[in-house]
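J.: Okay, here's the structure, questions in a sec.
Nothing in this text is a laboratory measurement; each read-out follows from the coordinates by a stated rule. Because the structure is a prediction, the values reported are computed rather than measured. Using ideal geometry, Cβ is built from the backbone for each residue, glycine included, and neighbour counts are taken over all protein chains shown.
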Amino acid sequence: MRLFVSVDLPDDLTEEVAAVQDRLEDASGLDFTDPAQAHVTMKFLGETPPHQVDEIVDALETAVEESGVAPFEATYGGLGVFPSLDYISVVWLGVSDGEREFERLHAPIESELVDIGFDEADHEFTPHVTLARMNHAGGKDLVQRVVREESPVVGTATVGEVQLTESTLTSEGPVYETVASVPLE
C-alpha cells in the first residue's frame with residue numbers, strides 16, 4: 001500500500017481549485033493534479049505493509065491528541081512553488097488562515113510516525129495543496145508571472161479530521177482512497 005496522511009479539501013471547493021489551475025493552463029510543461037482530490041499532505045509514508053495500518057492509525061490518534069488542535073477554519077489561498085521560482089518542480093496553493101494550526105498538527109504527526117519507523121521528513125513543512133508538477137520549463141515564464149502577480153483565494157473550510165490515504169498509481173494519474181479518518185478533538 002502506498003500511503004500518506006492528509007487533510008482533504010471539501011468537494012465544494014473543487015471548482016475553485018480548478019479555476020486557479022485554469023490560470024496556468026497555457027503553461028506548457030505542467031501536469032495538473034485532479035482538483036477533486038485536492039488535499040494538504042501532512043506526511044508521505046510511501047510503500048507500507050497492510051498489517052501496519054492499525055499501528056499508523058494508533059499513532060495518528062496519539063498525535064492528534066498531543067497536538068491539542070480542535071477543529072479549525074482554514075482559508076486556502078495564495079500561490080507558491082517548490083523549490084524556487086528559478087527552478088520550479090511544484091506549483092501550489094497555500095494556506096492563508098489556519099497555517100499555525102496545520103503546523104501544530106504536523107509536528108506530533110511527524111514525531112509519532114518517525115517513532116514507529118517512518119523516515120523523517122527531509123524538508124520543512126509548508127501546508128499547501130499541490131496544483132501541478134512541472135515536467136519541463138516551457139511554461140516557466142507564465143508560471144512565474146502568475147505566482148508573482150496573483151493571489152487567488154479558493155475558500156474557507158473546516159478542518160475536522162486527518163485522513164490516512166492510499167494512493168494507487170494508474171496511467172490516468174493517482175487514485176486516492178481514504179483508509180481511515182482520525183477526528184480532531
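J.: With unit charges on the beta carbon (Lys/Arg positive, Asp/Glu negative), name the residue among Thr33, Ile56, Thr156 whose Cα is farthest towards the positive pole of the charge dipole of region 2-183.
T.: Thr33
J.: Also, quick follow-up: Can you work out the base-10 log of I(q)/I(0) for region 73-171 at q = 0.10, 0.19, 0.23 1/Å, using the Debye formula on its C-alpha atoms alone?
T.: -0.35, -1.11, -1.26
J.: What angle, in degrees between 0 and 90 and rounded to the nearest 10, separates the Cα long axis of helix 140-149 from the longest principal axis of the Cα atoms of the chain?
T.: 80 degrees
J.: For Glu103, put the label point 7 Å out on the Cα→Cβ axis and report which residues of region 124-164 keep their amide N under 14 Å from it.
T.: 124-128, by backbone N distance to the label point.
J.: Same structure again: How large is ³J(HN,Hα), in whole Hz, for each residue of region 14-28 in order, when computed from phi with the Karplus curve 6.51 cos²θ - 1.76 cosθ + 1.60 and θ = phi - 60°, using x for Gly and Pro?
T.: Result, rounded to whole Hz: 4, 5, 5, 4, 4, 5, 5, 4, 4, 5, 10, 4, 8, 7, 5.
J.: Please give the helix 53-67 orientation as an angle from the longest Cα principal axis of the chain, in degrees from 0 to 90, rounded to the nearest 10.
T.: 80 degrees
J.: Subtracting the Cα-Cα distance from 0.36 nm times the residue separation, let me have the gained length for Asp58 to Arg133 in nm, one decimal. Intermediate results must be reported in sequence, preceding the final value.
T.: Working: separation 75, 0.36 × 75 = 27.00 nm, distance 3.24 nm.
The Asp58-Arg133 span can extend by a further 23.8 nm.
J.: To the nearest 500 deg cm²/dmol, what mean residue ellipticity at 222 nm is calculated for the chain from DSSP H runs of n ≥ 4 alone, each contributing -39,500 (n - 2.57), summed and divided by the residues?
T.: So the helix-based figure for the chain works out to -8500 deg cm²/dmol.
J.: Could you work out how far apart the two model spin labels at Asp115 and Ser89 are, taking each label as a point 7 Å from the Cα in the direction of the beta carbon, and quote it in nm?
T.: Between Asp115 and Ser89, the simple spin-label model gives 3.0 nm.
J.: Okay, moving on. Per residue of region 76-93, what does 6.51 cos²θ - 1.76 cosθ + 1.60 with θ = phi - 60° give for ³J(HN,Hα)? Whole Hz please, x for Gly and Pro, Karplus curve as stated.
T.: Couplings: 9, x, x, 10, x, 9, 10, x, 7, 5, 6, 9, 9, 10, 9, 10, 9, 9 Hz.
J.: Sort 82-89, 160-167 by packing, meaning the average of other beta carbons within 10 Å per residue, with the highest value first.
T.: Those peptides, ordered most packed to least, come out 160-167, 82-89.
J.: Any chance you could tell me what percent of the C-alpha pair distances in the chain go past 26 Å?
T.: Within the chain, distances greater than 26 Å cover 31 percent of Cα pairs.
J.: If you put +1 on each Lys and Arg Cβ and -1 on each Asp and Glu Cβ, how big is the dipole of region 2-183 around its Cα centre, in Debye rounded to 20?
T.: 640 debye
J.: Want the number for Asp122 to Thr156: 0.36 nm per residue separation, take away the alpha-carbon distance, what's left?
T.: 9.3 nm
J.: Taking the chain as the reference, fit the longest principal axis to its C-alpha atoms, fit the long axis of helix 99-115 to the helix C-alpha atoms, and give the angle between the two in degrees, 0 to 90, nearest 10.
T.: 50 degrees
J.: Per residue of region 175-185, in order, report the coupling 6.51 cos²θ - 1.76 cosθ + 1.60 (Karplus, θ = phi - 60°) as ³J(HN,Hα) in whole Hz, putting x for Gly and Pro.
T.: The phi angles translate into 10, 9, 9, 6, 8, 7, 10, 10, x, 6, 9 Hz.
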